[in-house]
Amino acid sequence: TASPNEALSNGDLEANSFQHNPFLRDQNEQRGYKLVSVGNTYISPIAFYSKKYKAFKDLPEGARLGIPNDPSNQTRALVVLRDQGVLTLRDGFDPFAGTATLADITGYKKKVQLVEAASLDDLDASAIVNSFAYQAGLIATRDGIAVEKRENNPYVNLLVVREKDKGARWVAPLLKSYQSDEVRQFILSKYHGSVIPAF
C-alpha cells in the first residue's frame, strides 16, 4: 500500500493529515514530492516522565535522563531540556530548519547525564514519544514532568495538500471544518490530553 504522501502526490488522495513539518520537509526532499501544509491540526507532545520524581525541579544533581535516539525525537527532547533551563544548544539552532544531536549541546546549566534509549525503570526521568507513552497509560499533560510547548512548535501535525491545489476552492472549507469547535472538543474528550488541538 502507498504511504499517505505517495498517495497524495500521485492523486489518489486530495489531502492528508498525519505528519509534522520536519517529516514533510524530509519527504519532499527525499522523494521529490511537491506537498505543502495548509494549516495546523493537533500535536502529540513528547514529554519527560519519571517514576521517582513528581516535578522536574525535584530531579537531583547528576540525574540520568533518557532521550530518544532518532533525529526528530532527540531534537524534541533536547528542546524540552533547553526550555527547562537544563542545557544550551548551539547558536542559530532552529528546530524548524533542522535537527539537533548531543553534539549540538553547548553547555549545561544543571548537571545531568543524558542516556540514549534506555528503560524508564533505570533512569531518573525519560523523554517518551506520545505513541509509546499512551500505550503505557501515560498522558503528557497529566503525567509528564516536562512537556514540549505547543506554541511555535515545528512538530504540530499538519493538513497537507499538493502544491498545485493550495489555492483550490475546497481547501479553505476543509481546513475550517477540521479547525472547528466540534473537532477541538472531540480531540479533548477522546484523548484526555495526550493529543492537544493546535488550532
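Annotations
- Of residues in the range 61-75 being modelled with pLDDT of 95 or more and touching an Asp or Glu at 6+ places or on another chain (Cβ under 7 Å), the one nearest to SER194 (Cα to Cα): ILE67
- Selection within the range 88-101 - closer than 19 Å to ASN152 by Cβ, open to solvent by 30 Å² or more (accessible area, probe 1.4 Å) and touching a residue at least 24 places away in the same chain (Cβ under 8 Å): PHE96, THR99
- ARG25 passes every criterion in (1) touching a helix residue (DSSP H, G or I) at 6+ places or on another chain (Cβ under 9 Å); (2) under 23 Å from GLY98 (Cβ atoms); (3) modelled with pLDDT under 95 apart from (1).
- Candidates are the residues of the range 96-151 that are of a type in the set (Lys, Arg) and within 28 Å of ARG25 (Cα to Cα); the one that is modelled with the lowest pLDDT is ARG150.
- Of all residues in the range 176-199, those satisfying the criterion of being open to solvent by less than 30 Å² (accessible area, probe 1.4 Å) and either touching a strand residue (DSSP E or B) at 6+ places or on another chain (Cβ under 8 Å) or assigned to a helix (DSSP H, G or I) (or both) are ILE187, VAL195, PRO197, ALA198.
- Top-ranked residue of the range 146-175 - restricted to ones that are of a type in the set (Lys, Arg) and not in a strand (DSSP E or B), ranked as most open to solvent (accessible area, probe 1.4 Å): ARG169
- Figure legend. Inter-residue proximity from the range 1-26: first residues farther than 16 Å from LYS164 by Cα and open to solvent by 30 Å² or more (accessible area, probe 1.4 Å), second residues hydroxyl-bearing (Ser, Thr, Tyr) and modelled with pLDDT of 95 or more, beta-carbon distance below 6 Å, spacing 6+ or different chains. Indicated pairs: SER17/THR41.
- Test: residue in the range 52-74 that is in contact with a strand residue (DSSP E or B) (Cβ under 7 Å, 6 or more places away or on another chain) and without any contact (Cβ under 8 Å) to a residue 12 or more places away in the chain: no
- Top-ranked residue in the range 102-131 [being under 19 Å from the mean Cα position of the chain (by Cα) and surrounded by fewer than 14 Cβ atoms within 10 Å (Cβ to Cβ); ranked as farthest from PRO71 (Cα to Cα)]: SER131
- Of all residues in the range 51-84 being of a type in the set (A, V, I, L, M) and within 19 Å of THR101 (Cβ to Cβ), the one that is most open to solvent (accessible area, probe 1.4 Å): VAL79
- Checked against the criteria, PHE186 does not count as without any contact (Cβ under 8 Å) to a residue 24 or more places away in the chain and closer than 18 Å to HIS20 by Cα.
The values are calculated or read from the model by the stated rules, or taken from the named source; none is laboratory data. None of the values given here were measured: they were computed from a predicted structure. Methodologically, a virtual Cβ is constructed for each residue, glycine included, from the backbone with ideal geometry; neighbour enumeration extends over all protein chains shown. These area figures cover heavy atoms from the full protein model, side chains too; ligands, DNA and RNA do not enter into them. Shrake-Rupley method; radii C 1.70, N 1.55, O 1.52, S 1.80 Å.
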